[in-house]
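A quick write-up on the structure given underneath.
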Amino acid sequence: MEKKNDLPDLTFEVALEIIEYTELLESLKKYVLARQLMKSGTSIGANSREAQSANQHIN
């Protein structure tokens, strides 16, 4: 029996929260911080998928 992998769903939810927060930062004219947070925070999904893919190739 395979276990369901919750990581993709969790990283997607985190990315949505980060996008929402960066919109707030932009409304406060914190553009540099918002841009950096958007770039680094939303890449979590891609990074986790890459790591899982690498792990599957090892197994």
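The values are calculated or read from the model by the stated rules, or taken from the named source; none is laboratory data. Quantities reported herein were computed from a predicted structural model and do not represent experimental measurements. Note: ideal-geometry Cβ built from the backbone for every residue, glycine included; neighbour counts use all protein chains shown.
In region 14-24, of all residues being surrounded by 12 or more Cβ atoms within 10 Å (Cβ to Cβ) and within 10 Å of the chain's Cα centre (by Cα), the one that is farthest from MET38 (Cα to Cα) corresponds to VAL14. Taken over region 2-59, the criterion of being outside any helix (DSSP H, G or I), on the phi < 0 side of the Ramachandran plot and either of a type in the set (A, V, I, L, M, F, W, C) or modelled with pLDDT of 90 or more (or both) is satisfied by LEU28, LYS30.
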